[in-house]
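FYI, it's all coordinate maths here, none of it is from the lab. Given the structure is predicted, the values throughout are model-derived calculations rather than measurements. All Cβ positions, even for glycine, are placed from backbone atoms using ideal geometry, and neighbour counts span all protein chains on display.
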Amino acid sequence: MRKLLLGLGLAAAATTTLAADYSDNIHKNDYSWKQFNLMYASKELPGKNSHDYMEMEFGGRSGIVDLYGYIDVFNLTNSTSSDKYGKDKIFLKIAPRFSLDAITGKDLSFGPVKELYIATLFSMDGGTGKFATNNNFIGLGSDIDIPWLGKTGVNLYALYDSTDHRQDWNGYQLSANWFKPLMTFDNDSFIAYQGYFDYQFGMKTDKGYATSSTGFDNFNGIYWHSKRYAVGYGLKYFNNVYGIKNSDALKSTGFGQYIDVSYKF
């Protein structure tokens with residue numbers, strides 16, 4: 001899935017990020033955004049799936065809470081030729097982070113680390129079968145000022161798989177996401193490099209549902225943005241993604257491509 005884990009309203013922000021200051025008003029940095037994305041995925045892994053889907057994507061900040069999330073609806077026309085036909089049509093991901101700076105009223109920044117969070121992530125398709133996704137993550141999050149990239153969200157989680165027949169802690173995930181404006185035009189539209197990676201490690205392979213102790217995916221997108229629209233292309237690399245060991249029976253390593261047209265509210 002594509003992710004814009006930084007609010008598009010911050011796209012024109014300077015590349016040098018200041019430390020958060022909530023000593024006088026925890027709502028001073030509040031903002032919100034939402035958009036609808038019409039997307040097509042080509043050779044998405046695992047399984048080299050190609051399909052259309054609509055995504056409602058949203059995010060923002062309110063007091064101590066920094067929020068990102070999206071809801072995907074697959075196979076919009078319910079086409080029998082789609083690889084999503086007869087499968088779960090909806091996928092939800094929501095990632096609230098709770099600012100430790102705002103909670104404590106203290107500046108916890110150090111070096112390039114500008115803010116610290118209790119980070120959570122919930123991803124689920126509502127299914128109950130062997131391949132259902134019902135994952136809950138919790139850990140420590142941060143905003144880090146990285147040279148050239150600017151503000152980058154970096155989170156380290158522990159994973160609890162809450163699917164009915166699993167219900168077990170199983171490994172960890174290191175995630176990072178970024179949004180880097182590259183070029184601004186006279187009409188204030190701009191081109192941005194945006195992306196993320198998720199690296200899972202320490203997964204148990206004797207539980208019957210993870211066949212690799214590690215998994216990795218990395219999305220890199222080039223997008224044109226205006227006030228109301230965005231159009232983009234993304235290339236995503238998968239390696240034993242979701243802890244599924246690559247095999248002839250189920251391919252989980254390789255590249256997928258994404259095309260996206262968005263309308264912003």
Neighbourhood net charge (15 Å Cβ-Cβ; Lys/Arg +1, Asp/Glu -1) for Asp83: +1
Using the Cβ atoms and a cut-off under 15 Å, what net charge is assigned to the surroundings of Lys106, where Lys and Arg are +1 and Asp and Glu are -1? -4
Before rounding to the nearest 500, sum -39500 (n - 2.57) across all DSSP H runs of length at least 4 in the chain and divide by the residue total; then give [θ] at 222 nm in deg cm²/dmol. -500 deg cm²/dmol
If amide H atoms are built 1.01 Å from N in the plane of the peptide, which residues on other chains or at least 5 residues away come under 5 Å of the amide H of Gly171? Leu159, Lys204
When only C-alpha pairs under 8 Å and at least 6 residues apart count, what is the relative contact order of the chain, in percent? 17
Can you tell me the order of 76-86, 91-101, 255-265 when each peptide is scored by its average per-residue count of other Cβ atoms within 10 angstrom, highest first? 91-101, 255-265, 76-86
Cα to Cα, under 16 Å, and not fewer than 8 places away if on the same chain: which aspartates and glutamates meet these conditions relative to Lys251? Glu44, Asp83, Asp217
Springs between alpha-carbon atoms under 10 Å, Gaussian network over the chain: tell me which of Asn177, Asn49, Asn187 tops the mean-square fluctuations. Asn187
Pairs beyond 29 Å (Cα-Cα), from Lys87/Lys151; Lys43/Lys114; Lys43/Lys87; Lys48/Lys204; Lys180/Lys204; Lys34/Lys245: Lys87/Lys151; Lys43/Lys114; Lys180/Lys204; Lys34/Lys245
